[in-house]
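Here the structure is laid out as structure tokens; the discussion comes afterwards.
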Amino acid sequence: METIDLAAITIEFEQRTEQLAFTSAELVIVSDYGSRLWYANVDGITDSGLLGWFGQSENIQVYLRATARDGRRFEGIAYLHPNEQHHAAAIRGDGLLQEG
């Protein structure tokens, strides 16, 4: 399991592109028996309207672009699960996470 601190996250969904403003975020990559699972936990999201939109939407699929604090870049398809009460979100990867 690898944990990577993130400096920036951009999500694309429904012909929109949003840069998330947050206090902390980490990308977790779990490699086990030849498979690779990934997710991001994001805390301190300041855009409560965006979290509310995802809380009401049936389509929570996003295209995630993330930049790690060490400069590495990641992208992939994921699902954004908002936690409006705690100003947070869990972004669960769906398939391949590309690193570039």
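The values are calculated or read from the model by the stated rules, or taken from the named source; none is laboratory data. This one's a predicted model, so the numbers in the text were calculated from it and none came from an experiment. Cβ coordinates were reconstructed from backbone atoms using ideal geometry, including for glycine residues, and neighbour counts include every protein chain displayed. These area figures cover heavy atoms from the full protein model, side chains too; ligands, DNA and RNA do not enter into them. Shrake-Rupley method; radii C 1.70, N 1.55, O 1.52, S 1.80 Å.
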Hey, among the residues in segment 1-42 that are assigned to a loop (DSSP other than H, G, I, E, B) and free of Cβ contacts under 8 Å to residues at least 24 places away in the same chain, which one's farthest from GLN98 (Cα to Cα)? THR23
Evaluation of ALA21 against (1) out of contact with any strand residue (DSSP E or B) (no Cβ under 6 Å at 6 or more places or on another chain); (2) open to solvent by 70 Å² or more (accessible area, probe 1.4 Å) (one fails), failing number: (2)
If only one of GLU84, GLU75, GLU14 is in contact with a helix residue (DSSP H, G or I) (Cβ under 6 Å, 6 or more places away or on another chain), of a type in the set (Asp, Glu) and open to solvent by 50 Å² or more (accessible area, probe 1.4 Å), which one is it? GLU84
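Condition test on ASP32, is it at pLDDT below 95 and not small (Gly, Ala, Ser)?
Here the answer is yes, as ASP32 does meet what is asked.
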Has segment 50-59 got any residue that is over 14 Å from PHE13 (Cβ atoms), open to solvent by less than 20 Å² (accessible area, probe 1.4 Å) and either among the aliphatic types (A, V, I, L, M) or assigned to a strand (DSSP E or B) (or both)? no
